[in-house]
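Read-outs throughout are calculated quantities, based only on the coordinates presented, and are distinct from any laboratory measurement. Every value quoted in this text rests on a predicted model; they were computed, and no experiment measured them. With ideal geometry, Cβ positions are generated from the backbone for all residues, glycine too; neighbour counts draw on all protein chains shown.
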Amino acid sequence: MTGKEGHCLGLIGGLGPGATDRYYRALIAAHEAAERVPRMLIAHADVDRVMTAAGAKDFTGLADYLAGLIGSMKAGGAEATAIVALTPHICVPQLTPISPLPLIDMVSEVAAEISARGLKRVAMFGTRFTVETRMFGRLDGIDVVLPKPDEIDLIHNTYADVVAARSTPTQIDGLRRLARTFIERDGAEAILLAGTDLSTVFDATNTGFPALDCAAVHIRAIMKRLLA
């Protein structure tokens, strides 16, 4: 490949591997389409450590951990950073002031995309930390469906199996049924795929319900920043 190099991205991956692979391949393809040479560093974050910190609401500790990874990538030449999972964004208020690099924030980009599409009421699939907090309370002006406790358990457990690459077609069909419930019972206009590994089981051809792919939105925002 020949062409001008893009800015160097420091990507926090491993949360989980499927999403990391999707980001990596999509960013390479987008660079090629723009006739640019990609420059990326990837730091592997410990998913168990991240989930434990999120569950304990240790947002300061989580931010410190992520900032350390970002600092290592800055030392390697990264000029901006992004995180390939939504759950770690729970600590963005704590991370932003201490991050060694500017963060391309997925939640801000998703909120802007929801507004651009004119959506007023949405539901979401992802970890319980994302669903229970309605994406950390950061979707201002947007009505978000809060599922019943057993529905949150189903979403969270199914997503954990997706991340671990052990989900079954029956589980994924269960998410499709739940999506229809949120649309018919709760008036959701679209379902946010707020777990980035969901892109390994859902795409535009098989979703079966109106969806907004948060990973795709984030990847477009990353490319816009890198090619600026």
Inset, instruction - Extending each Cα 7 Å along its Cβ direction at residue 108 and residue 133, get the distance between those two points in nm, one decimal. - result: 1.7 nm
Legend entry - residue 166 paired with residue 98, simple spin-label distance in nm, labels 7 Å along Cα-to-beta-carbon: 3.3 nm
Inset, instruction - Tabulate in residue order the Karplus-calculated ³J(HN,Hα) for the stretch 114-120, using 6.51 cos²θ - 1.76 cosθ + 1.60 with θ = phi - 60°, rounded to whole Hz; enter x for Gly and Pro. - result: 4, 5, 5, 7, x, 7, 10
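Full extension from residue 5 to residue 173: what is 0.36 nm times the residue separation minus their Cα-Cα distance, to one decimal in nm?
Value of the extension gain: 56.2 nm.
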Legend entry - Expected 222 nm ellipticity per residue - DSSP helices of 4 or more, -39500 (n - 2.57), all of the chain, to 500: -15000 deg cm²/dmol
Legend entry - Placed amide H near residue 190: partners under 5 Å, 5+ positions off or other chain: 123
Legend entry - Set of lysines with alpha-carbon distance to residue 224 below 30 Å, sequence-local pairs under 8 removed: 4, 74, 120
Inset, instruction - For residue 8, enumerate residues with amide H under 5 Å from its amide H, sequence gap 5+ or separate chain, H modeled in the peptide plane. - result: 79
Legend entry - Peptide ranges 121-132, 199-210 listed from the most packed, as the mean C-beta count within 10 angstrom indicates: 121-132, 199-210
Legend entry - Relative contact order %, the chain, counting alpha carbon pairs below 8 Å whose residues are six or more apart: 22 percent
Inset, instruction - Could you please state, rounded to a whole Å, how far the C-alpha centre of the stretch 163-191 is from the C-alpha centre of the stretch 83-131? - result: 20 Å
Inset, instruction - In whole Hz, with x marking every Gly and Pro, tabulate ³J(HN,Hα) for the stretch 121-129 from phi via Karplus 6.51 cos²θ - 1.76 cosθ + 1.60, θ = phi - 60°. - result: 9, 9, 10, 8, 10, x, 6, 4, 5
Inset, instruction - Quote the FRET efficiency, to the nearest 0.05, computed for residue 180 versus residue 153 with a Förster distance R0 of 25 Å and r equal to the Cβ-Cβ distance. - result: 0.85
